[in-house]
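Enquirer: After the structure tokens below, expect a handful of questions from me.
Read-outs throughout are calculated quantities, based only on the coordinates presented, and are distinct from any laboratory measurement. These figures come from a predicted structure and were not determined experimentally. Every residue, glycine among them, receives a Cβ derived from its backbone with ideal geometry; neighbour counts consider all protein chains shown.
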Amino acid sequence: MDGFSVALVSGLACLSVFLATTDKGRRGLELALRSLWLHKLRSFLSMLGIIIGTSAVIILMAFGEGSERDVLEDIKRLGTTNIIIRSVKPPDDANTNRRQMVATYGLTYSDLEVLKTVPSITRLVPMRIFPQETRRGARGHNSRVVATVPQYADVNELNLIQGRFLVDDDDQRMNNVCVLGNETAKSLFPFDEPLGSSVKLGEFVYVVVGILADRMPTGGTGGSQAAEDFNQDIYIPLQTARGRFGERIMLRAAGSRSAEKVDMHQITVTVEDIDKVRPTGEIVRAILGDPDRHPRQDWALTVPLDRLELVERTKANIRQSLGIYASISLLVGGIGIMNVMLATVTERTREVGIRRALGARRSDITFQFLIETMVQTGIGGLLGVAFGVVYVFAHAGLKALPLAAFLFQEGSPSPILHVPSITWSLSTAVGVGVVFGIYPALRAAYMDPIEALRHV
Amino acid sequence: MTEVLRIHGLHKRYSHDSAEVHALKGIDLVVNQGDFVSLMGPSGSGKSTLLNVLGCLDRPSEGSYHLGGEDVSRMGDDQLSSIRSRYLGFIFQQYNLLPQYTVVENIEIPLIYQGVRLNAESRTRCVALAELVGLGHRLDHRPMQLSGGQQQRVAIARSLVNKPHLILADEPTGNLDTKTSHEIMTLLSRLNMSGKTIVMVTHENDIAKWSKRIVRMRDGVIESDEANIPDPIDDSGPPLPMHLLEEAA
């Protein structure tokens, strides 16, 4: 909790202690509650603005927290110290260019060698992707064949449920081994033990050495980072793929075929320290941006950490607009309350006169009406917070209701209670009570007692 | 005899819609401890204005006003509030009880503004006062559940709770029938006999004759100020527990 929240909490605590323990405070509180209870509907209606304002703040902040958590988890899955470089097919190299049958683009082995010389890089994990049907007897599965190195499992935090991942030996010896993603394994081996069995990729047969645990797919980031579903993958050693499949990749589409030559589809770079992620990203950008190396922009660089900044910015934006919404609704609520309090003061003019005659000072009258307004906005704030908190916890249930599909998109973030927002909105509500209660209270206090006593 | 209040050369002017109203034109008045004064006069004579000044709800434009030895004519608003809560008890024509409070809570109100801590002891005193005015069985009733005479009794009890030097009554029987008026006046007379100083505004001769002194006003000046011998109190009813007054107020 930051200092601001601490100050707010202690302010609220002092106010509550004052109201609960001192004679004057308790009497003021009791009096306020009593006169609010006398006009239940009126009090509730005038509180509505505050209730809506505070609950909106709680709920929107909770959604902000929820989406932040979603993004943070995504970043964690991508790895905070990672930089991801991907091969991108340049737009001018589309299939319409018939003279070039084989599209050559992307990251090369030479890039990999150069990147190995950057000192802050601790690990380079290249990978190639082949869209290739995997067969096992009569069963086929359209999986993504990923040719990579053993470190790939660490970088992407892949867990095995059976067997082992690729090892260096597989790569050096160009072994025909593969590791199956969870879904792929289930689809190819619905009934029997996959480990030690073999699957066929193209013309070659590979022995299954490991099965991955089920893993959530990562979310995509715009154009530079596609969503990845690790469950559909098959992993084979990079050198094996080079030997067995060659450099060209044949792509078959309906009625046409094309080929492309891509050394590597992606290199995942791991940096030794989170502080060096951005500088290293710049270095990589400078190396690959050399026109001799890559005359066209056929690569893209993603720094997952950058998304963290985006989240921070989004969060700041959310807070700002929240501040505006909250101010507007609290302003409206405050005006509503002031209106009702002015009416109340007029209605109770005679009471003010009586109290003054019986010895009440102006400050006693001010205190009485101010406390009444503050109690009103405070209760409104509490109700709003209660509603907001209940909503946050009931969201999952509400989302499951049949009609909720129209309101909530698939995969929209779930709200997480943002605790400081409770303090903010409560103290703002009480503050609104002070701001909008002071004028009616002073108006009551500065009435002429004689006039007030004559009031019918 | 101790003076409760002394007014000398009192003037009160209002500017009302740019026209100046000269409501009190030099009033001299002394009220002693134990007095029971009736202020009489036609409407516009200034008797209500005088009562407001006496009640420290209004300040004189000119002249001095000493209440219990203190000059209150130049006091600020907060000081006047304090004087009201310590020295004065009010009884109004409209009873002026607070509808959201019970009988005993209404009696307690002046104590709140006196800064007295409400506790079992103060509650006992308030209950005793309610019993004194004959409402010991109605402690938890709201004003709306009481008759006019009963409400006025509560108001009298309330005016006694701060042990005032002076009780100001503004047409206390104005809204009551003859029989109830009689009861209220009996109560006030008994309070006076036990030592309470009372200044009462009325325009009814029948009511004024209960007091010991009748001050008649006309056009902002005192026209006459004469002693009156009140009729002996009709003691046919059950006796009021006057001992409670000594204990409670």
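Enquirer: Within a Cβ distance under 11 Å of B:Arg13, other residues only, what is the Lys/Arg minus Asp/Glu net charge?
Expert: Result for the local shell: 0.
Enquirer: Now a separate question. Using only the alpha-carbon atoms of the stretch A:297-456, report the extent along each of the three principal axes, biggest first, to the nearest angstrom.
Expert: That works out to 87, 39, 22 Å along the principal axes.
Enquirer: In whole percent, what relative contact order does chain A give with Cα contacts below 8 Å and a gap of six or more residues?
Expert: On the way: 744 pairs, mean separation 128.6, N = 456.
This gives 28 percent for chain A.
Enquirer: Could you work out the local net charge near A:Ile287, counting Lys and Arg as +1, Asp and Glu as -1, over the other residues with Cβ closer than 13 Å to its Cβ?
Expert: Residues close to A:Ile287 contribute a combined charge of -2.
Enquirer: Once the cut-off is 32 Å, how many percent of the Cα-Cα pairs in chain A end up in the long-distance tail?
Expert: Above the 32 Å cut-off, chain A has 58 percent of its Cα pairs.
Enquirer: Fewest Cβ neighbours within 10 Å first, please rank A:Ser412, A:Ser425 accordingly.
Expert: Details: A:Ser412 13, A:Ser425 26.
Ascending number of Cβ neighbours within 10 Å: A:Ser412, A:Ser425.
Enquirer: Also: Taking R0 as 45 Å, what's the FRET efficiency between A:Ser321 and A:Val17 from their Cβ-Cβ distance, rounded to 0.05?
Expert: That gives a FRET efficiency of 0.80.
Enquirer: Given 37 °C and 0.692 mPa s, compute D for the stretch A:89-297 with the Stokes-Einstein relation, Rh being the Kirkwood radius over Cα pairs; round to the nearest whole µm²/s. Provide the component values of the computation, followed by the final result.
Expert: Numbers: Rh = 18.4 Å.
This corresponds to a translational diffusion coefficient of 178 µm²/s.
Enquirer: Over all alpha-carbon pairs in the stretch A:102-141, figure out the percentage whose distance exceeds 12 Å. Walk me through the numbers before you get to the answer.
Expert: Details: 565 of 780 pairs.
Roughly 72 percent, once rounded to a whole number.
Enquirer: With the dipole of the stretch A:46-90 worked out from charges on the C-beta (+1 for Lys and Arg, -1 for Asp and Glu) around the Cα centre, which of A:Gly53, A:Ile84, A:Leu72 lies farthest toward the positive end?
Expert: The one lying farthest along the dipole's positive direction is A:Ile84.
Enquirer: Could you work out [θ]222 nm for chain B from helices alone, using -39500 (n - 2.57) per DSSP H run of at least four and dividing by all its residues? Round to the nearest 500 deg cm²/dmol.
Expert: Here the helix-only value at 222 nm equals -10000 deg cm²/dmol.
Enquirer: Next question, about the same structure. Using 0.36 nm per residue, how much length does the chain from A:Thr117 to A:Asp273 gain when fully extended, once their Cα-Cα distance is taken away?
Expert: Gain on stretching A:Thr117 to A:Asp273: 54.5 nm.
Enquirer: Averaged over peptide B:77-90, how many Cβ atoms belonging to another chain are found within 10 Å of each residue's Cβ?
Expert: For this peptide, the per-residue mean of nearby foreign Cβ atoms is 4.
Enquirer: Please give me the summed charge of the neighbours of A:Tyr235: other residues whose Cβ is under 12 Å from its Cβ, Lys and Arg +1, Asp and Glu -1.
Expert: 0
Enquirer: What does the structure give for A:356-369 when I average, per residue, the other chain Cβ atoms found within 10 Å of the residue Cβ?
Expert: The mean count of partner-chain Cβ atoms within 10 Å per residue comes to 6.
Enquirer: Return the Rg/Rh value of the stretch B:3-248, two decimal places, where both radii are evaluated on C-alpha atoms and Rh is the Kirkwood radius.
Expert: 0.96
Enquirer: While we're looking at this one, here's another question. Between B:Met200 and residues 5 or more places away or on another chain, which pairs have amide H atoms under 5 Å apart, with H built 1.01 Å from N, and which residues are they?
Expert: B:Val37, B:Ser38, B:Leu39, B:Ala169
Enquirer: Can you pull out the trypsin sites (Lys or Arg not before Pro) in the stretch A:1-98 that DSSP calls coil and that have at most 10 other Cβ atoms within 10 Å?
Expert: A:Arg98
Enquirer: How far, in degrees from 0 to 90, does helix A:3-21 lean away from the longest principal axis of the Cα atoms of chain A, to the nearest 10?
Expert: For A:3-21 against chain A, the angle is about 30 degrees.
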